[in-house]
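Below is one structure, written out as structure tokens, with a few remarks after it.
The values are calculated or read from the model by the stated rules, or taken from the named source; none is laboratory data. Just so you know, these numbers come straight off a predicted model, no measurement behind them. Note that each Cβ is placed from the backbone with ideal geometry, even for glycine, and that neighbours are counted across all protein chains shown. For the accessible areas, the whole protein counts, side chains as well, though only heavy atoms, and no ligand, DNA or RNA atoms are used. Shrake-Rupley method; radii C 1.70, N 1.55, O 1.52, S 1.80 Å.
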Amino acid sequence: MMDITKLPNKRPNEHLLLILRRHWIELFRIVAILAVLLIIPAVAIEMYSQTYSLWLESPAFGPFLIVLKNIYLLGLWLFAFIEFSDYYLDSWVVSNERVLNIEQHGLFHRITSELHLAQVEDVTAETQGPIQTIFNFGNVQVQTAAERAMFQFKNIPNPERVKQKILELVHEDKNRHGLADTE
Amino acid sequence: MISFPVWLLLIPFGIFVLFFILYSIINFFHLLRFGVRSKKLYIVMVVFLFATIWICSDAITELSNYNWDMIIRLGGSYDFKSSGLFDL
């Protein structure tokens, strides 16, 4: 398991400042879908409880119904767990030297990339729509001049504050390495 | 007329359970290998395990109530048409 206090390829005097993950509303979305898919059949069974009991008593149809029900429950549960893993394994780590982007796409596709603060040219925060505005989450884009031109922090909380923090860190890093613009 | 033993229904169920176990193990592996160490993660993994055990034990209890040696004859003894099946 990754110990977040120990960054990979840690530089001297590098320390962790931000660990970002998608907003909790993403988890709520998974829970909501799970709840709906559980409630609908439960309500149907409740409405047709007499018929359901009759079918369960059947020595042939009863086992079929039980097998179907358990396949459905286990399938839903596995879906929820995979979605949680996808949510949890996406993270963005900001230190005083670099930004790490860790993205999980499904179970068998993982992208890890990093960029040094000195490469950052522009940081943009974006909040779209009433839900993102009310719950204060959105995207932050970190632009560089490299081949992979942009990191995108997706649906993170407090995007404006994160943007400001990264800009401050970029400015400090450039001052530290003597790369700041002189006017 | 088609006839088959009821226990044949357990085969697709067994295949699905194997698939479930495999995917769960892969998921656990990913979380343990790449996940950030935290209490929240451990809690979620424990909840997942316990809920899985609960669903499976419930399934075993329900399935044990039936006679799996029985033969189903489609179109014969187990005709599922009956009046009032969908009466509330």
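At-a-glance table
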quantity	calculated
FRET E, pair B:F28, A:F28, Förster distance 22 Å, beta-carbon r, rounded to 0.05	0.40
Shape category assigned to chain A from the gyration tensor of Cα positions, a/c cut at 1.5	prolate
Relative contact order of region A:63-149, pairs being alpha-carbon contacts under 8 Å that are 6 or more residues apart, as %	17
Per residue value of the accessible surface for region A:1-123 (all protein chains in place, 1.4 Å probe), Å²	49
Relative contact order, percent, region A:1-136 [alpha-carbon distance under 8 Å, six or more residues apart]	26
FRET E, pair A:Y52, A:A145, Förster distance 41 Å, beta-carbon r, rounded to 0.05	0.05
A:A44-A:H116 FRET efficiency (beta carbon distance; Förster radius 35 Å; 0.05 resolution)	0.05
Cα gyration tensor category, rounded, prolate or oblate, for region A:86-183 with a/c compared to 1.5	oblate
Chain A: angle of helix A:25-47 to the longest principal axis, Cα-based, in degrees nearest 10	10
Region B:1-78 - percent relative contact order, Cα under 8 Å, separation 6 or more	79
Set A:K154/B:K40; A:K154/A:K174; A:K163/B:K40 screened for pairs whose C-alpha atoms are more than 23 Å apart	A:K154/A:K174; A:K163/B:K40
With Cα atoms, 0 to 90° folded angle of helix A:61-89 axis to chain A main axis	10
GNM result for chain A, Cα springs below 10 Å: residue of A:E26, A:E160, A:E46 fluctuating most strongly	A:E46
0 to 90° range, to nearest 10: angle between helix A:159-176 axis and chain A longest Cα axis	30
1.4 Å probe, heavy atoms, protein only - residues of region A:93-111 losing at least 50 Å² accessible area vs chain alone	A:L107, A:F108, A:R110
